[in-house]
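J.: Below is the structure I would like to discuss, written out as structure tokens.
The values are calculated or read from the model by the stated rules, or taken from the named source; none is laboratory data. The structure presented is a predicted model; accordingly, all values stated were derived computationally and were not measured. Here the Cβ positions follow ideal geometry from the backbone for every residue, glycine too, while neighbour counts run over all protein chains shown. Side chains are part of the model used for accessible areas, which takes the heavy atoms of the whole protein and leaves out ligands, DNA and RNA. Shrake-Rupley method; radii C 1.70, N 1.55, O 1.52, S 1.80 Å.
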Amino acid sequence: MRRILSIILLLVTITLFSYDGKPINPVIKIGIESSDDTSDSIELRDYLRSQVSKTNRGEVAFSLKGVSFSEFSFDRDGNPDSFTRQELKKFGQIDKLTLVSSKKGYTFISLIDVNSGKLEYKNGLPDRLTKTLVDDFVQTLDRKNIQLALQMPRSTETATVQLHSIQSNYRIGEPIRFELESNEDRFVYVVVLPENGQDEPVLLFPNSLQKNHYLKKGDRVTIPDIRIAFKSSQSKKETVRVFTPKEEWKDIRLGQGRDNLYKIMPQAITGTKSSDIGPLSLARSIFDSPKSDFEFLISTN
């Protein structure tokens, strides 16, 4: 295991963990613990703590004591049992909890959302593939940083746009349209936030048919394009968040398929090689961008 981690330290630090040296504050507050007391698990725990902290991928909380991590249990849907849910209440100071373990030649990494108690990620591979496992975990962590930044931006500056729903109320299955007007020359991003706070946000604009999202003062555009069917399958209140950064979020990638047309796809997810910390830079840019929220209703009538 020590030899494997030495290889990881050399290769991963140069690639996924490398960055340009600019000070970027972490977005996620994260605890990284071992769910067993084997030397391999403890060594991997310490390695991940060091690298996540060093690369500013998270604000690491060390030594979360007084909890039996080995007794944590989740069902097939990732929901915690009563003991696990109760124990997670002790960690109000962090957003995510990472657990590592090693058993019978396999290494496992799990990621838990502390607020909901949901098991968001779990993967296990043979010890010889620990580098691949760590790579996959880092990509997931980058993605979670972006999602958290979209849902909990820090900037108090208001986005310089107006967003008007074409209708005040929509029925289930009815195409949803907005009219967007810019009050300033800015890049514009429109995101639909998940109601449960756990699913991936939807990037409504720009999209595959409306790629020009630098709007000048007075420009108006209807989103999404009429050829795109953006609908809701259930009755609820939707929150639409509009961001107007001064600089383009260059690390956003749009999927080509129908199912992921609006998905946020950073470099770490698409596999695009990069020598910088694109996904983390994107999270920080989102975190500090001006934003405004708008709501609309989906009903059965």
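J.: With label points built 7 Å along Cα→Cβ from the Cα atoms of PHE62 and ASP77, find their separation and express it in nm.
T.: Roughly 3.9 nm, to one decimal.
J.: Additional query: Working from the pairwise distances between different alpha carbons, so that the mean of 1/r is found and then inverted, what is the stretch 136-202's Kirkwood radius in Å?
T.: Values: mean 1/r = 0.0684 Å⁻¹.
So the Kirkwood estimate lands at 14.6 Å.
J.: Quick one: length gained pulling GLU120 to SER39 fully straight, 0.36 nm per residue minus the C-alpha distance?
T.: Length gained, GLU120 through SER39: 26.6 nm.
J.: Relative to the Cα centre, what is the charge dipole magnitude of the stretch 45-123, using +1 at the beta carbon of each Lys and Arg, -1 at the beta carbon of each Asp and Glu, and rounding to the nearest 20 debye? Working shown, then result.
T.: Values: 14 positive and 10 negative charges, 56 e Å.
In total the dipole reaches around 280 debye.
J.: Here's another thing I want to ask about it. Return one whole number: the accessible area per residue of the stretch 172-222 in Å², for a 1.4 Å probe.
T.: Details: 2300 Å² over 51 residues.
I get 45 Å² per residue for this part.
J.: Which value in nm describes the separation of the simple spin-label points at SER53 and ARG154, placed 7 Å from the Cα toward the beta carbon?
T.: According to this spin-label approximation, the distance is 1.9 nm.
J.: Can you give me the % of accessible surface on the stretch 36-76 that is carbon or sulfur? Probe 1.4 Å, all protein chains present, nothing else counted. Please list the in-between numbers first.
T.: Values: 920 of 2180 Å².
Heavy-atom surface of the stretch 36-76 belonging to carbon and sulfur, 1.4 Å probe: 42 percent.
J.: What distance in nm separates the two pseudo spin-label positions at SER292 and ASN183, each 7 Å out from Cα along the beta-carbon direction?
T.: For the pair SER292/ASN183, the computed spacing is 0.5 nm.
J.: Counting only residues 5 or more places away or on other chains, whose amide H sits under 5 Å from the amide H of LYS118 once H atoms are built in the peptide plane?
T.: ASP113
J.: Dividing the alpha-carbon Rg of the stretch 119-168 by 2.2 N^0.38 Å yields what? Could you put the intermediate results ahead of the total?
T.: Values: Rg = 18.7 Å, N = 50, 2.2 N^0.38 = 9.7 Å.
For the stretch 119-168, the normalised Cα radius of gyration is 1.92.
J.: Just to confirm a number: summing +1 for Lys and Arg and -1 for Asp and Glu over residues other than PHE74 whose beta-carbon lies under 14 angstrom from that of PHE74, what do you get?
T.: Numbers: positive: ARG76, ARG85, LYS118, LYS122; negative: GLU71, ASP75, ASP77, ASP81, GLU87, ASP113, GLU120.
Overall, the nearby charge balance is -3.
J.: List the residues, sorted by chain then number, that are 5 or more residues from VAL60 or on another chain and whose placed amide H is less than 5 Å from its amide H.
T.: Those lying under 5 Å, H to H, from VAL60 are ILE30.
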